[in-house]
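Only one structure is covered here, and it is reproduced in the block below.
The values are calculated or read from the model by the stated rules, or taken from the named source; none is laboratory data. Predicted model only: the values in this text are computed from it and were never measured. Here Cβ is always computed from backbone atoms with ideal geometry, including for glycine, and neighbour counts include all displayed protein chains. We work out accessible area using only protein heavy atoms, side chains counted, and drop any ligands, DNA or RNA first. Shrake-Rupley method; radii C 1.70, N 1.55, O 1.52, S 1.80 Å.
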Amino acid sequence: MVSSRHKRLDMLWLLLLTAGALLVHGYHPYAEDAEIYLPGVEKILHPGLFPGTQEFFASHASLTIFPNLIAFSLRFTHLPMEAGLFLWHLASIFLLLLACWELSSLFFSSARARWGAVCLVAAVLTIPVAGTALYIMDQYLNPRNLAAFAAIFAVARTLEKKYLRAALWLAFAASVHPLMAAFAFSFCFLLVVGQRFERNAASPPVLGVATGLCCVLPFRISLDPPTSPAYHAAAMRHEFHYIQLWQWYEQLGILAPVVLFWWFARIARAREWRRLELVCRALIVYDLAYFFAALVVDLPARFESLARLQPLRSLHLLYMLMFLIMGGLLGEFVLKNRVWRWLALFVPLGLGMFVAQRALFPASAHIEWPGSAPKNEWAQAFVWVRDNTPVDAVFALDPNFMQLRGEDTTGFRCLAQRSRLADASKDSGAVSMFPPLAEEWWTEVQAQTPWRSFRAEDFLRLKNKYGVSWVIVEQPGVAGLDCAYQNSAVRVCRIP
(Lines give C-alpha, C1' and ligand atoms only; values in the text may rest on other atoms or scores of the structure.)
Protein backbone atom coordinates (compact mmCIF):
# COMPACT_ATOMS: atom_id res chain seq x y z
CA MET A 1 0.00 0.00 0.00
CA VAL A 2 2.78 2.42 0.95
CA SER A 3 4.72 1.60 -2.19
CA SER A 4 1.66 2.17 -4.38
CA ARG A 5 0.93 5.47 -2.62
CA HIS A 6 4.53 6.59 -3.11
CA LYS A 7 4.36 5.76 -6.79
CA ARG A 8 1.20 7.82 -7.21
CA LEU A 9 2.85 10.70 -5.39
CA ASP A 10 5.91 10.42 -7.63
CA MET A 11 3.66 10.53 -10.71
CA LEU A 12 1.94 13.63 -9.34
CA TRP A 13 5.29 15.38 -8.84
CA LEU A 14 6.36 14.41 -12.35
CA LEU A 15 3.13 15.88 -13.73
CA LEU A 16 3.81 19.12 -11.83
CA LEU A 17 7.37 19.16 -13.18
CA THR A 18 5.96 18.69 -16.69
CA ALA A 19 3.71 21.72 -16.20
CA GLY A 20 6.66 23.68 -14.81
CA ALA A 21 8.82 22.74 -17.79
CA LEU A 22 6.09 23.94 -20.15
CA LEU A 23 5.86 27.28 -18.32
CA VAL A 24 9.64 27.77 -18.40
CA HIS A 25 10.44 26.62 -21.92
CA GLY A 26 7.26 27.59 -23.74
CA TYR A 27 5.44 25.96 -26.62
CA HIS A 28 5.55 26.93 -30.31
CA PRO A 29 3.84 24.18 -32.34
CA TYR A 30 4.69 25.53 -35.81
CA ALA A 31 8.27 26.68 -35.23
CA GLU A 32 11.56 25.57 -36.79
CA ASP A 33 11.60 21.87 -37.80
CA ALA A 34 7.82 21.61 -37.49
CA GLU A 35 8.00 22.96 -41.04
CA ILE A 36 9.61 19.65 -42.02
CA TYR A 37 7.59 17.18 -39.96
CA LEU A 38 4.02 18.48 -39.62
CA PRO A 39 3.15 18.73 -43.35
CA GLY A 40 3.50 14.93 -43.49
CA VAL A 41 0.83 14.63 -40.79
CA GLU A 42 -1.41 17.16 -42.53
CA LYS A 43 -1.03 15.38 -45.87
CA ILE A 44 -2.26 12.11 -44.33
CA LEU A 45 -5.21 13.81 -42.66
CA HIS A 46 -6.10 15.84 -45.77
CA PRO A 47 -4.70 14.16 -48.91
CA GLY A 48 -5.67 17.11 -51.09
CA LEU A 49 -3.04 19.33 -49.47
CA PHE A 50 0.31 20.13 -51.14
CA PRO A 51 -0.54 18.76 -54.61
CA GLY A 52 2.67 18.03 -56.48
CA THR A 53 4.93 20.03 -54.14
CA GLN A 54 5.67 17.67 -51.29
CA GLU A 55 9.21 16.48 -52.07
CA PHE A 56 10.93 18.68 -49.48
CA PHE A 57 9.01 17.18 -46.56
CA ALA A 58 8.04 13.78 -47.99
CA SER A 59 11.71 12.71 -48.01
CA HIS A 60 11.83 12.91 -44.20
CA ALA A 61 8.33 11.50 -43.77
CA SER A 62 9.29 8.37 -45.73
CA LEU A 63 11.88 7.41 -43.07
CA THR A 64 9.65 7.62 -40.00
CA ILE A 65 6.26 6.52 -38.73
CA PHE A 66 5.92 9.87 -36.98
CA PRO A 67 3.34 11.39 -39.38
CA ASN A 68 1.33 8.14 -39.45
CA LEU A 69 1.43 7.83 -35.65
CA ILE A 70 0.28 11.40 -35.03
CA ALA A 71 -2.34 11.28 -37.78
CA PHE A 72 -3.72 7.97 -36.47
CA SER A 73 -3.96 9.33 -32.93
CA LEU A 74 -5.84 12.41 -34.14
CA ARG A 75 -8.29 10.34 -36.15
CA PHE A 76 -8.79 7.88 -33.29
CA THR A 77 -9.42 10.56 -30.65
CA HIS A 78 -11.21 13.02 -33.00
CA LEU A 79 -9.15 15.80 -31.43
CA PRO A 80 -8.44 19.00 -33.36
CA MET A 81 -4.89 18.96 -34.66
CA GLU A 82 -3.67 21.77 -32.42
CA ALA A 83 -5.04 20.07 -29.29
CA GLY A 84 -3.57 16.72 -30.31
CA LEU A 85 -0.13 18.19 -30.96
CA PHE A 86 -0.20 19.95 -27.59
CA LEU A 87 -1.11 16.76 -25.70
CA TRP A 88 1.58 14.81 -27.55
CA HIS A 89 4.10 17.48 -26.60
CA LEU A 90 3.10 17.33 -22.93
CA ALA A 91 3.24 13.54 -23.03
CA SER A 92 6.73 13.59 -24.53
CA ILE A 93 7.98 15.88 -21.72
CA PHE A 94 6.32 13.73 -19.06
CA LEU A 95 7.72 10.50 -20.51
CA LEU A 96 11.22 11.96 -20.71
CA LEU A 97 11.04 12.98 -17.04
CA LEU A 98 9.61 9.57 -16.13
CA ALA A 99 12.44 7.85 -18.00
CA CYS A 100 14.97 10.06 -16.19
CA TRP A 101 13.32 9.20 -12.86
CA GLU A 102 13.58 5.47 -13.56
CA LEU A 103 17.19 5.73 -14.74
CA SER A 104 18.23 7.90 -11.79
CA SER A 105 16.68 5.29 -9.47
CA LEU A 106 19.23 2.81 -10.83
CA PHE A 107 22.07 5.21 -10.02
CA PHE A 108 21.06 6.69 -6.67
CA SER A 109 19.32 5.27 -3.62
CA SER A 110 18.28 8.59 -2.07
CA ALA A 111 15.16 10.46 -3.18
CA ARG A 112 17.00 13.80 -3.08
CA ALA A 113 19.51 12.58 -5.66
CA ARG A 114 16.79 11.19 -7.92
CA TRP A 115 14.76 14.38 -7.77
CA GLY A 116 17.88 16.45 -8.30
CA ALA A 117 18.50 14.49 -11.50
CA VAL A 118 14.97 14.88 -12.83
CA CYS A 119 14.62 18.54 -11.83
CA LEU A 120 17.86 19.54 -13.53
CA VAL A 121 16.83 17.82 -16.77
CA ALA A 122 13.44 19.54 -16.61
CA ALA A 123 15.11 22.92 -16.03
CA VAL A 124 17.48 22.69 -19.02
CA LEU A 125 15.27 21.10 -21.68
CA THR A 126 15.99 23.92 -24.15
CA ILE A 127 19.69 24.31 -23.44
CA PRO A 128 21.80 24.06 -26.64
CA VAL A 129 23.66 20.78 -27.12
CA ALA A 130 27.15 22.09 -28.00
CA GLY A 131 27.17 23.13 -31.70
CA THR A 132 24.67 20.55 -32.95
CA ALA A 133 21.73 22.98 -33.35
CA LEU A 134 19.77 20.68 -31.02
CA TYR A 135 18.08 21.15 -27.68
CA ILE A 136 17.50 18.34 -25.23
CA MET A 137 13.83 18.80 -26.10
CA ASP A 138 12.35 21.20 -28.61
CA GLN A 139 9.53 23.64 -27.89
CA TYR A 140 7.26 21.78 -30.32
CA LEU A 141 6.40 18.19 -31.16
CA ASN A 142 8.79 16.35 -33.48
CA PRO A 143 10.31 12.87 -33.83
CA ARG A 144 13.42 13.78 -31.78
CA ASN A 145 11.26 14.43 -28.72
CA LEU A 146 9.76 10.95 -28.99
CA ALA A 147 13.11 9.31 -29.63
CA ALA A 148 14.58 11.12 -26.59
CA PHE A 149 12.47 9.43 -23.93
CA ALA A 150 12.67 6.09 -25.76
CA ALA A 151 16.49 6.29 -25.64
CA ILE A 152 16.54 6.92 -21.88
CA PHE A 153 14.11 4.06 -21.26
CA ALA A 154 16.33 1.82 -23.40
CA VAL A 155 19.41 2.74 -21.37
CA ALA A 156 17.57 1.97 -18.12
CA ARG A 157 16.34 -1.40 -19.34
CA THR A 158 19.82 -2.26 -20.63
CA LEU A 159 21.36 -1.55 -17.21
CA GLU A 160 18.74 -3.84 -15.67
CA LYS A 161 19.71 -6.48 -18.26
CA LYS A 162 16.14 -6.52 -19.55
CA TYR A 163 17.38 -6.64 -23.10
CA LEU A 164 14.08 -7.47 -24.81
CA ARG A 165 12.44 -4.38 -23.31
CA ALA A 166 15.46 -2.31 -24.25
CA ALA A 167 15.22 -3.62 -27.81
CA LEU A 168 11.54 -2.66 -27.98
CA TRP A 169 12.31 0.90 -26.87
CA LEU A 170 15.11 1.11 -29.43
CA ALA A 171 12.79 -0.22 -32.11
CA PHE A 172 10.26 2.48 -31.27
CA ALA A 173 12.99 5.14 -31.37
CA ALA A 174 14.17 3.82 -34.76
CA SER A 175 10.64 3.92 -36.13
CA VAL A 176 10.28 7.63 -35.33
CA HIS A 177 13.87 8.85 -35.80
CA PRO A 178 16.40 6.35 -37.22
CA LEU A 179 19.45 8.57 -36.72
CA MET A 180 18.87 9.31 -33.04
CA ALA A 181 17.99 5.66 -32.45
CA ALA A 182 21.33 4.61 -33.96
CA PHE A 183 23.17 6.64 -31.32
CA ALA A 184 21.06 5.14 -28.54
CA PHE A 185 21.68 1.66 -29.93
CA SER A 186 25.43 2.18 -30.00
CA PHE A 187 25.44 3.39 -26.40
CA CYS A 188 23.33 0.47 -25.21
CA PHE A 189 25.72 -1.80 -27.08
CA LEU A 190 28.57 -0.24 -25.14
CA LEU A 191 26.76 -0.92 -21.89
CA VAL A 192 26.08 -4.55 -22.77
CA VAL A 193 29.71 -5.20 -23.63
CA GLY A 194 30.82 -3.20 -20.60
CA GLN A 195 28.65 -5.32 -18.33
CA ARG A 196 30.26 -8.47 -19.70
CA PHE A 197 33.84 -7.26 -19.81
CA GLU A 198 34.11 -4.70 -17.00
CA ARG A 199 37.51 -6.06 -15.95
CA ASN A 200 38.92 -6.45 -19.44
CA ALA A 201 41.35 -3.55 -19.88
CA ALA A 202 41.49 -4.14 -23.63
CA SER A 203 37.80 -3.55 -24.14
CA PRO A 204 37.64 0.29 -24.44
CA PRO A 205 39.49 0.53 -27.79
CA VAL A 206 37.35 -2.27 -29.22
CA LEU A 207 34.23 -0.57 -27.95
CA GLY A 208 35.28 2.74 -29.45
CA VAL A 209 35.64 1.24 -32.93
CA ALA A 210 32.31 -0.55 -32.60
CA THR A 211 30.59 2.61 -31.46
CA GLY A 212 31.82 4.55 -34.47
CA LEU A 213 30.54 1.87 -36.81
CA CYS A 214 27.12 1.73 -35.16
CA CYS A 215 26.15 5.16 -36.46
CA VAL A 216 26.75 4.12 -40.08
CA LEU A 217 25.35 0.60 -40.32
CA PRO A 218 21.60 1.32 -39.94
CA PHE A 219 21.46 3.74 -42.88
CA ARG A 220 21.19 3.24 -46.60
CA ILE A 221 23.10 6.38 -47.61
CA SER A 222 25.33 6.42 -50.64
CA LEU A 223 28.99 7.00 -49.91
CA ASP A 224 29.57 8.69 -53.27
CA PRO A 225 30.31 12.34 -52.53
CA PRO A 226 28.05 14.69 -54.48
CA THR A 227 30.03 17.25 -56.43
CA SER A 228 27.09 19.49 -57.28
CA PRO A 229 27.55 23.19 -56.41
CA ALA A 230 23.85 23.17 -55.51
CA TYR A 231 24.39 20.49 -52.89
CA HIS A 232 27.41 22.32 -51.50
CA ALA A 233 25.36 25.53 -51.21
CA ALA A 234 22.69 23.67 -49.24
CA ALA A 235 25.21 21.91 -47.02
CA MET A 236 26.98 25.14 -46.11
CA ARG A 237 23.72 26.52 -44.74
CA HIS A 238 23.97 23.87 -42.03
CA GLU A 239 27.34 24.59 -40.50
CA PHE A 240 26.59 22.40 -37.48
CA HIS A 241 27.29 19.40 -39.73
CA TYR A 242 30.96 20.41 -39.86
CA ILE A 243 33.03 20.46 -36.69
CA GLN A 244 35.62 22.83 -38.18
CA LEU A 245 32.91 25.50 -38.50
CA TRP A 246 31.90 25.35 -34.83
CA GLN A 247 32.84 28.14 -32.45
CA TRP A 248 35.57 27.31 -29.92
CA TYR A 249 33.10 27.14 -27.04
CA GLU A 250 30.93 24.74 -29.06
CA GLN A 251 33.96 22.53 -29.69
CA LEU A 252 34.70 22.67 -25.98
CA GLY A 253 31.24 21.20 -25.49
CA ILE A 254 32.47 18.00 -27.14
CA LEU A 255 35.47 17.23 -24.95
CA ALA A 256 34.65 18.95 -21.66
CA PRO A 257 32.11 16.21 -20.81
CA VAL A 258 34.95 13.66 -20.94
CA VAL A 259 36.57 15.36 -17.93
CA LEU A 260 33.22 15.54 -16.14
CA PHE A 261 32.45 11.86 -16.70
CA TRP A 262 35.93 10.88 -15.51
CA TRP A 263 35.25 12.83 -12.30
CA PHE A 264 31.76 11.39 -11.94
CA ALA A 265 33.14 7.87 -12.43
CA ARG A 266 35.62 8.41 -9.60
CA ILE A 267 32.83 9.54 -7.29
CA ALA A 268 30.74 6.56 -8.31
CA ARG A 269 33.59 4.14 -7.66
CA ALA A 270 34.22 5.60 -4.21
CA ARG A 271 30.54 5.20 -3.37
CA GLU A 272 30.32 1.77 -5.04
CA TRP A 273 27.65 2.98 -7.44
CA ARG A 274 28.51 0.35 -10.04
CA ARG A 275 25.88 1.21 -12.61
CA LEU A 276 26.71 4.89 -12.51
CA GLU A 277 30.41 4.14 -12.88
CA LEU A 278 29.72 1.87 -15.86
CA VAL A 279 27.62 4.53 -17.58
CA CYS A 280 30.21 7.27 -17.00
CA ARG A 281 33.04 5.19 -18.41
CA ALA A 282 30.92 4.13 -21.36
CA LEU A 283 30.05 7.76 -22.03
CA ILE A 284 33.74 8.65 -22.23
CA VAL A 285 34.29 6.01 -24.90
CA TYR A 286 31.06 7.00 -26.65
CA ASP A 287 32.03 10.68 -26.74
CA LEU A 288 35.54 10.11 -28.03
CA ALA A 289 34.46 7.56 -30.62
CA TYR A 290 31.93 9.89 -32.21
CA PHE A 291 34.33 12.81 -31.95
CA PHE A 292 36.88 10.94 -34.05
CA ALA A 293 34.11 9.80 -36.41
CA ALA A 294 33.21 13.47 -36.89
CA LEU A 295 36.82 14.34 -37.68
CA VAL A 296 36.91 11.62 -40.32
CA VAL A 297 33.70 12.59 -42.13
CA ASP A 298 33.72 16.36 -41.57
CA LEU A 299 37.24 17.52 -42.32
CA PRO A 300 38.18 16.01 -45.73
CA ALA A 301 36.27 17.92 -48.44
CA ARG A 302 35.80 14.76 -50.48
CA PHE A 303 33.68 13.30 -47.66
CA GLU A 304 31.20 16.20 -47.65
CA SER A 305 28.29 13.84 -48.33
CA LEU A 306 29.14 11.75 -45.26
CA ALA A 307 28.82 14.77 -42.99
CA ARG A 308 25.04 14.33 -43.21
CA LEU A 309 25.46 11.28 -40.97
CA GLN A 310 25.98 13.96 -38.30
CA PRO A 311 28.00 11.85 -35.83
CA LEU A 312 28.10 14.69 -33.29
CA ARG A 313 24.35 14.52 -32.87
CA SER A 314 25.34 11.66 -30.59
CA LEU A 315 25.87 14.46 -28.06
CA HIS A 316 22.10 14.72 -27.64
CA LEU A 317 21.93 11.49 -25.63
CA LEU A 318 25.21 12.31 -23.90
CA TYR A 319 23.94 15.70 -22.72
CA MET A 320 20.71 14.21 -21.39
CA LEU A 321 22.71 11.72 -19.35
CA MET A 322 25.25 14.35 -18.31
CA PHE A 323 22.61 16.65 -16.82
CA LEU A 324 20.82 13.73 -15.22
CA ILE A 325 23.99 12.56 -13.47
CA MET A 326 25.02 16.11 -12.61
CA GLY A 327 21.61 16.80 -11.06
CA GLY A 328 21.74 13.59 -9.07
CA LEU A 329 25.15 14.42 -7.63
CA LEU A 330 24.03 17.97 -6.82
CA GLY A 331 20.98 16.62 -5.01
CA GLU A 332 23.04 14.11 -3.08
CA PHE A 333 26.02 16.24 -2.05
CA VAL A 334 25.01 19.91 -2.36
CA LEU A 335 21.26 20.48 -2.21
CA LYS A 336 20.50 17.69 0.23
CA ASN A 337 17.31 18.39 2.22
CA ARG A 338 17.73 22.17 2.38
CA VAL A 339 14.77 23.82 0.65
CA TRP A 340 16.57 27.15 0.30
CA ARG A 341 19.39 25.48 -1.65
CA TRP A 342 16.92 23.94 -4.09
CA LEU A 343 15.28 27.31 -4.59
CA ALA A 344 18.64 29.08 -4.92
CA LEU A 345 19.57 26.74 -7.77
CA PHE A 346 16.36 26.18 -9.68
CA VAL A 347 14.60 29.56 -9.44
CA PRO A 348 17.45 31.53 -11.13
CA LEU A 349 18.06 28.67 -13.56
CA GLY A 350 14.37 28.54 -14.52
CA LEU A 351 14.21 32.32 -14.90
CA GLY A 352 17.34 32.30 -17.07
CA MET A 353 15.92 29.63 -19.37
CA PHE A 354 12.61 31.52 -19.54
CA VAL A 355 14.34 34.77 -20.53
CA ALA A 356 16.38 32.93 -23.17
CA GLN A 357 13.22 31.50 -24.72
CA ARG A 358 11.51 34.87 -24.77
CA ALA A 359 14.54 36.25 -26.61
CA LEU A 360 14.22 33.49 -29.22
CA PHE A 361 10.49 34.08 -29.82
CA PRO A 362 9.98 37.77 -28.94
CA ALA A 363 7.05 38.35 -31.31
CA SER A 364 5.07 35.26 -30.27
CA ALA A 365 3.20 34.20 -27.16
CA HIS A 366 5.41 32.22 -24.80
CA ILE A 367 2.92 29.37 -24.82
CA GLU A 368 0.85 29.18 -28.00
CA TRP A 369 -2.20 27.48 -26.54
CA PRO A 370 -4.35 25.29 -28.81
CA GLY A 371 -7.20 27.23 -30.35
CA SER A 372 -5.81 30.65 -29.45
CA ALA A 373 -5.28 33.32 -32.08
CA PRO A 374 -1.59 33.81 -32.84
CA LYS A 375 0.12 36.92 -31.51
CA ASN A 376 2.79 36.83 -34.20
CA GLU A 377 1.77 38.83 -37.28
CA TRP A 378 3.43 36.47 -39.73
CA ALA A 379 1.50 33.61 -38.13
CA GLN A 380 -1.70 35.66 -38.40
CA ALA A 381 -1.10 36.01 -42.14
CA PHE A 382 -0.42 32.28 -42.48
CA VAL A 383 -3.68 31.46 -40.68
CA TRP A 384 -5.54 33.82 -43.04
CA VAL A 385 -3.96 31.96 -45.96
CA ARG A 386 -5.12 28.62 -44.55
CA ASP A 387 -8.69 29.84 -44.15
CA ASN A 388 -9.11 31.94 -47.30
CA THR A 389 -7.10 30.57 -50.22
CA PRO A 390 -7.61 27.54 -52.48
CA VAL A 391 -6.03 24.27 -51.36
CA ASP A 392 -4.05 24.04 -54.61
CA ALA A 393 -2.64 27.58 -54.34
CA VAL A 394 1.14 27.89 -54.69
CA PHE A 395 2.91 30.62 -52.72
CA ALA A 396 6.26 32.34 -52.87
CA LEU A 397 7.95 34.10 -49.95
CA ASP A 398 11.36 35.54 -49.23
CA PRO A 399 13.60 32.43 -49.31
CA ASN A 400 15.01 33.56 -45.95
CA PHE A 401 11.63 34.39 -44.40
CA MET A 402 12.19 32.20 -41.32
CA GLN A 403 15.21 34.32 -40.35
CA LEU A 404 13.44 37.67 -40.68
CA ARG A 405 12.97 39.78 -37.59
CA GLY A 406 9.57 39.22 -36.02
CA GLU A 407 8.91 36.00 -37.95
CA ASP A 408 10.10 33.84 -35.04
CA THR A 409 10.95 30.83 -37.31
CA THR A 410 7.23 30.14 -37.88
CA GLY A 411 6.75 27.58 -40.65
CA PHE A 412 4.54 28.53 -43.59
CA ARG A 413 3.73 25.07 -44.95
CA CYS A 414 2.82 23.57 -41.59
CA LEU A 415 0.66 26.51 -40.44
CA ALA A 416 -0.84 27.77 -43.72
CA GLN A 417 -1.16 24.23 -45.11
CA ARG A 418 -0.34 25.50 -48.58
CA SER A 419 2.42 24.77 -51.08
CA ARG A 420 5.31 27.18 -51.50
CA LEU A 421 8.52 27.35 -53.50
CA ALA A 422 11.67 26.12 -51.79
CA ASP A 423 13.17 28.24 -49.04
CA ALA A 424 16.81 28.67 -48.09
CA SER A 425 16.46 27.39 -44.54
CA LYS A 426 14.42 24.27 -43.86
CA ASP A 427 14.33 22.94 -47.40
CA SER A 428 18.12 23.15 -47.58
CA GLY A 429 18.12 20.81 -44.59
CA ALA A 430 16.18 18.25 -46.61
CA VAL A 431 18.67 18.72 -49.46
CA SER A 432 21.65 18.18 -47.16
CA MET A 433 20.20 14.79 -46.20
CA PHE A 434 18.83 13.88 -49.64
CA PRO A 435 21.22 15.15 -52.38
CA PRO A 436 18.95 14.32 -55.36
CA LEU A 437 16.78 17.30 -54.31
CA ALA A 438 19.69 19.74 -54.65
CA GLU A 439 19.20 20.95 -58.22
CA GLU A 440 15.48 21.59 -57.85
CA TRP A 441 16.04 23.38 -54.54
CA TRP A 442 18.82 25.57 -55.92
CA THR A 443 16.83 26.50 -59.04
CA GLU A 444 13.79 27.57 -57.00
CA VAL A 445 15.81 29.54 -54.45
CA GLN A 446 17.74 31.34 -57.19
CA ALA A 447 14.47 32.13 -58.97
CA GLN A 448 13.37 34.03 -55.84
CA THR A 449 16.65 35.94 -55.43
CA PRO A 450 17.09 38.84 -54.74
CA TRP A 451 13.61 38.87 -53.21
CA ARG A 452 13.72 42.39 -51.78
CA SER A 453 14.27 43.83 -55.25
CA PHE A 454 11.32 42.02 -56.84
CA ARG A 455 8.63 43.93 -58.72
CA ALA A 456 5.29 42.82 -60.13
CA GLU A 457 6.92 41.52 -63.33
CA ASP A 458 9.27 39.30 -61.30
CA PHE A 459 6.33 37.71 -59.52
CA LEU A 460 4.63 37.19 -62.88
CA ARG A 461 7.74 35.31 -63.99
CA LEU A 462 7.36 32.99 -60.98
CA LYS A 463 3.73 32.46 -61.94
CA ASN A 464 4.60 31.53 -65.51
CA LYS A 465 7.46 29.20 -64.54
CA TYR A 466 6.24 27.56 -61.33
CA GLY A 467 2.52 28.23 -61.18
CA VAL A 468 2.87 30.61 -58.23
CA SER A 469 -0.49 32.30 -57.66
CA TRP A 470 0.09 34.15 -54.38
CA VAL A 471 2.99 35.90 -52.65
CA ILE A 472 3.62 37.14 -49.13
CA VAL A 473 5.66 40.32 -48.99
CA GLU A 474 6.79 42.54 -46.16
CA GLN A 475 5.28 45.96 -45.67
CA PRO A 476 5.03 48.40 -47.42
CA GLY A 477 4.45 45.84 -50.16
CA VAL A 478 5.06 45.94 -53.91
CA ALA A 479 3.21 48.13 -56.38
CA GLY A 480 0.92 46.43 -58.86
CA LEU A 481 -0.20 43.54 -56.65
CA ASP A 482 -3.77 42.82 -55.55
CA CYS A 483 -3.42 42.28 -51.78
CA ALA A 484 -6.34 40.55 -50.10
CA TYR A 485 -4.90 40.66 -46.58
CA GLN A 486 -2.43 42.81 -44.72
CA ASN A 487 -1.26 43.68 -41.23
CA SER A 488 1.57 45.88 -39.99
CA ALA A 489 4.19 43.26 -40.93
CA VAL A 490 3.15 41.63 -44.22
CA ARG A 491 0.76 41.58 -47.15
CA VAL A 492 -0.78 38.53 -48.82
CA CYS A 493 -1.21 39.29 -52.52
CA ARG A 494 -2.48 37.61 -55.68
CA ILE A 495 -0.28 37.62 -58.75
CA PRO A 496 -2.25 39.22 -61.60
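Some points to look at:
- When A270, A265, A282 are checked against the criterion of being within 19 Å of V193 (Cα to Cα) and surrounded by fewer than 22 Cβ atoms within 10 Å (Cβ to Cβ), a single residue qualifies: A265.
- The listed residue being modelled with pLDDT of 95 or more, open to solvent by less than 30 Å² (accessible area, probe 1.4 Å) and either more than 18 Å from V24 (Cα to Cα) or among the polar types (S, T, N, Q) (or both), out of L330, L321: L321
- Sole residue being within 29 Å of H46 (Cα to Cα), charged (D, E, K, R) and either surrounded by fewer than 23 Cβ atoms within 10 Å (Cβ to Cβ) or modelled with pLDDT of 90 or more (or both), chosen from R418, R455: R418
This table checks each residue for (1) basic (K, R); (2) over 18 Å from A416 (Cβ atoms).
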| position | (1), (2) |
| --- | --- |
| A31 | no, no |
| E35 | no, no |
| K43 | yes, no |
| T53 | no, no |
| H60 | no, yes |
| N68 | no, yes |
| M81 | no, no |
| W101 | no, yes |
| S104 | no, yes |
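- When W169 is tested against the conditions (1) open to solvent by 10 Å² or more (accessible area, probe 1.4 Å); (2) in contact (Cβ under 8 Å) with a residue 24 or more places away in the chain; (3) in contact with a Phe, Trp or Tyr (Cβ under 9 Å, 6 or more places away or on another chain); (4) of a type outside the set (S, T, Y), the lone failure is (2).
- Residue match in region 123-146 (condition: open to solvent by 10 Å² or more (accessible area, probe 1.4 Å), closer than 28 Å to Y249 by Cα, small (G, A, S) and at pLDDT 95 or above): yes
- Of the helices (runs of 4 or more DSSP H) entirely within region 178-241, those holding at least 3 residues that are modelled with pLDDT under 80 and exposed (fewer than 14 other Cβ atoms within 10 Å of the Cβ) occupy 203-214.
- Residues considered: M353, M402. Of these, the only one that is more than 21 Å from L97 (Cβ to Cβ), touching a helix residue (DSSP H, G or I) at 6+ places or on another chain (Cβ under 8 Å) and either surrounded by fewer than 23 Cβ atoms within 10 Å (Cβ to Cβ) or not β-branched (V, I, T) (or both) is M402.
- Some residue of region 287-296 being modelled with pLDDT under 90, open to solvent by 80 Å² or more (accessible area, probe 1.4 Å) and more than 27 Å from N400 (Cβ to Cβ): yes
- Some residue of region 176-185 being touching a Cys at 6+ places or on another chain (Cβ under 9 Å) and over 24 Å from G429 (Cα atoms): yes
- Looking only at residues in region 359-381 that are assigned to a helix (DSSP H, G or I) and without any contact (Cβ under 8 Å) to a residue 60 or more places away in the chain, the one that is nearest to T126 (Cα to Cα) is L360.
- Within region 15-32, the set of residues being assigned to a loop (DSSP other than H, G, I, E, B) and out of contact with any Ser or Thr (no Cβ under 9 Å at 6 or more places or on another chain) comprises just one member, P29.
Here is a yes/no grid of residues against (1) open to solvent by 40 Å² or more (accessible area, probe 1.4 Å); (2) in a helix (DSSP H, G or I):
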| position | (1), (2) |
| --- | --- |
| S3 | yes, yes |
| K7 | yes, yes |
| W13 | yes, yes |
| P39 | no, yes |
| F50 | no, no |
| L63 | yes, no |
| F72 | yes, yes |
| G84 | no, yes |
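- Test result for S469, surrounded by fewer than 14 Cβ atoms within 10 Å (Cβ to Cβ), hydroxyl-bearing (S, T, Y) and touching a residue at least 24 places away in the same chain (Cβ under 8 Å): no
- Each residue in region 249-262 was checked for being more than 22 Å from the chain's Cα centre (by Cα), in contact (Cβ under 8 Å) with a residue 60 or more places away in the chain and open to solvent by 10 Å² or more (accessible area, probe 1.4 Å), and 1 pass.
- In summary, L98 fulfils each of the numbered conditions (1) touching a Gly at 6+ places or on another chain (Cβ under 9 Å); (2) in a helix (DSSP H, G or I); (3) not small (G, A, S) with the single exception of condition (1).
- Exactly one residue out of V391, V445 is β-branched (V, I, T), more than 22 Å from the chain's Cα centre (by Cα) and open to solvent by 10 Å² or more (accessible area, probe 1.4 Å): that is V391.
- In the condition set (1) modelled with pLDDT of 95 or more; (2) surrounded by fewer than 16 Cβ atoms within 10 Å (Cβ to Cβ); (3) under 27 Å from D392 (Cβ atoms), F76 is compliant with all but (3).
- Residue in region 383-391 that is within 17 Å of F57 (Cβ to Cβ) and either assigned to a loop (DSSP other than H, G, I, E, B) or free of Cβ contacts under 8 Å to residues at least 40 places away in the same chain (or both) present: yes
- Per the conditions (1) open to solvent by 10 Å² or more (accessible area, probe 1.4 Å); (2) in contact with a helix residue (DSSP H, G or I) (Cβ under 9 Å, 6 or more places away or on another chain); (3) of a type in the set (S, T, N, Q), the sole criterion not satisfied by S109 is (2).
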